[in-house]
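In what follows, a single structure is set out as structure tokens and then discussed.
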Amino acid sequence: MSRTLKRLFVNGFPGYYGGAGTELHHQIIVWRQMGMEVHLIPTGDGFGQETMLLEMAARGVTVHAPGDWSVLEAEDVIISFCNGEFLENLPEIRKRTKRTVFVNCMTWLFQKERQRMEEGQIALFLYQNEEVRQKNMPVLKSLNDDPAIRFMTFKPYFHNESFPFIYERADEFFGCGRISRQDADKFARNTLRIYEYFVAPVFKRALFLGFGQRSRQKIGKPYSWIRTAANQKEVSQQEFYRHCKIVLQPTDTTENWPRVGFEAMASGSVLIVDNRGGWRQMVEHGKTGWLCDHERDFIFYASKMAYEPRLREDMAEAARERCLNLGGLAASMESWEEVFETMANLPE
């Protein structure tokens, strides 16, 4: 007989900035709209901004003490988004419940994820991207062929109300930029060359949000017309997108399902990104953004957007519609209903 999931535990804490934390934040919004009882078990004492804690309380989310597995019962499901500490703590967690769910937000497997699969300690693997599921599932199954271990793809919700569309930006300069966490791999080595060589009819002004010492060591010192900020405490995401007519983002990584893509599309900043990974599913080349195979492509399309404002505005509007279709509430709720049904019937 099929059972219904009443409550969901999460190991981790949401955030306003960064991939997995932002992803969790937006999924909590849709879970609560679906009536799911949500419990958070943070990974450490330094969790959460005061504003996020207040928001979680206002949404009716229960926050437990960090690492307090005693609140778990055998029928409970616990999920974690790309959290290494969750993988470390699985043996202890599974003393309480066997219904353990892991969302890997990357395109590659963690070594500890492989180990936990061999041990049979993850009951359900969830993916935002079907291509990544098809790539990783055979590798994991080769480590453990237990048919009870499930693999599913869900449609992540994007709360576009947090990123209102910006119709007007400054015309006295051409605003551009890139946004990520402070990870050197998030920057292509030729980032500064691309920014230097694309042309615009007015002065260029760039903003790098998520830039630190490791980034500087990788790409060098940014030019005087490039402003840098370490994180959203210095410059909010909304301020970043208000500055950027384009998000010009060459990287050395292969993105899975980049949240900044949703943020840019919702805000009206045209994406110029790598032609690989999740970008290829998110961006319609020439319609909602540009996919690039070489630094020449980045330079050409950035210049094109600078010199063709009407085309850029049309693409921004089309990207906004695509954002609503890809990360909309109805499609995500339907997807989560299927996932919750599977979770409710995982073996205890």
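Read-outs throughout are calculated quantities, based only on the coordinates presented, and are distinct from any laboratory measurement. Not measured: the values here are computed from a predicted model. FYI the Cβ positions are ideal-geometry reconstructions off the backbone, even for glycines, and counts take in every protein chain you see.
Assuming 0.890 mPa s and 25 °C, estimate D for the range 58-100 with Stokes-Einstein, Rh taken as the Kirkwood radius over Cα pairs, in µm²/s.
Using the Kirkwood radius from Cα pairs, D works out to 218 µm²/s.
With springs connecting C-alpha atoms under 10 Å apart, model the chain as a Gaussian network and identify which of GLY261, GLY12, GLY120 has the largest mean-square fluctuation.
GLY120
Lys pairs in the range 161-326, Cα-Cα under 20 Å, at least 8 apart or on separate chains: how many?
Lysine pairs satisfying the spacing and distance rule in the range 161-326 number 9.
What value does the range 44-194 have for Rg/Rh, both radii from Cα atoms and Rh as Kirkwood defines it?
So for the range 44-194, dividing Rg by the Kirkwood Rh gives 1.05.
For the residue pair GLU73 and GLU196, what label-to-label distance in nm results when each label sits 7 Å from Cα along the Cα-to-beta-carbon direction?
In this crude label model, GLU73 to GLU196 measures out at 6.4 nm.
Under the rule of -39500 (n - 2.57) per DSSP H run of 4 or more residues, summed and divided by the residues of the chain, what mean residue ellipticity at 222 nm is obtained, to the nearest 500 deg cm²/dmol?
That comes out to -12000 deg cm²/dmol.
Rounded to the nearest 20 debye, what is the charge dipole size of the chain about its Cα centre when +1 sits on each Lys and Arg Cβ and -1 on each Asp and Glu Cβ? The partial results should precede the final answer.
Details: 44 positive and 46 negative charges, 175 e Å.
Dipole size: approximately 840 debye.
By how many nm would the segment from LEU329 to ARG150 lengthen if fully extended, with 0.36 nm per residue of separation less the alpha-carbon distance?
Fully extending the segment from LEU329 to ARG150 adds 62.0 nm.
At q = 0.25 Å⁻¹, what log₁₀ I(q)/I(0) does the range 9-70 have when each alpha carbon counts as one equal point scatterer in the Debye sum?
Cα-only, vacuum Debye calculation for the range 9-70: -1.14.
From the alpha carbon gyration tensor of the range 161-326, can you work out the equivalent ellipsoid semi-axes (sqrt of 5 times each eigenvalue) and give them in Å, largest to smallest?
One finds semi-axes of 21, 17, 16 Å for the range 161-326.
Tell me which of GLY60, LEU72, LEU143 sits at the most positive position along the dipole axis of the range 9-143, charges placed on C-beta atoms (Lys, Arg +1; Asp, Glu -1).
It is LEU143, whose Cα lies furthest towards the positive end.
With the alpha-carbon atoms as the only input, what is the per residue convex hull volume for the range 245-348 in Å³?
99 Å³
Relative contact order of the chain, please, whole-number percent, based on alpha carbon pairs below 8 angstrom and at least 6 residues apart.
Working: 649 pairs, mean separation 60.4, N = 348.
About 17 percent, as a whole number.
Determine Rg/Rh for the range 112-183; Rg is computed over alpha-carbon atoms and Rh is the Kirkwood hydrodynamic estimate from the same atoms.
Working: Rg = 20.0 Å, Rh = 16.1 Å.
Expressed as Rg/Rh, it is 1.24.
Using alpha-carbon positions, what is the distance between the centroids of the range 181-242 and the range 109-127, in Å?
35 Å
Would you please give the FRET efficiency between ALA344 and MET106, computed as 1/(1 + (r/R0)^6) with r the Cβ-Cβ distance and R0 = 25 Å, to the nearest 0.05?
0.35
If you stretched the chain out fully between GLU119 and TYR167, how much longer would it get, using 0.36 nm times the residue separation minus the C-alpha to C-alpha distance?
Between GLU119 and TYR167, full extension yields an extra 12.0 nm.
Every cysteine in the chain with no other Cys Cβ under 4.7 Å from its Cβ, please list them in numeric order.
Here CYS176, CYS244, CYS292, CYS323 come out as lacking a disulfide-compatible partner, given the Cβ-Cβ threshold of under 4.7 Å.
With charges only on Cβ, +1 for K and R and -1 for D and E, what is the dipole size of the range 161-326 about its Cα centre, in debye, rounded to 20?
540 debye
Could you let me know the centre-to-centre spacing of the range 9-51 and the range 256-293, using Cα atoms, in angstrom?
25 Å
Positive end of the dipole of the chain, charges at C-beta (+1 Lys, Arg; -1 Asp, Glu), about the Cα centre: which of GLN182, CYS323, GLN213 has its Cα farthest in that direction?
Final value for the positive-end residue is GLN213.
Leaving out same-chain residues fewer than 8 places away, which lysines sit with a Cα under 25 Å from that of LYS141?
The qualifying lysines are LYS95, LYS98, LYS112, LYS155.
Which whole-Hz couplings ³J(HN,Hα) result when phi for each residue of the range 63-78 is put into the Karplus expression 6.51 cos²θ - 1.76 cosθ + 1.60, θ = phi - 60°, listed in order with x for Gly and Pro?
In residue order, the calculated couplings are 10, 9, 5, x, x, 8, 7, 5, 7, 7, 10, 4, 8, 6, 10, 10 Hz.
Do you know the relative contact order of the range 161-326, to the nearest whole percent, from alpha carbon pairs under 8 angstrom that are 6+ apart?
Worked out over the range 161-326, it gives 25 percent.
Please compute, for the alpha-carbon atoms of the range 245-305, the extent along each of the three principal axes and give them in descending order in Å.
25, 24, 17
Give, in whole angstrom and from largest to smallest, the semi-axes √(5λ) of the equivalent ellipsoid of the chain, with λ running over the eigenvalues of the Cα gyration tensor.
Calculated on Cα positions only, the semi-axes equal 37, 20, 19 Å.
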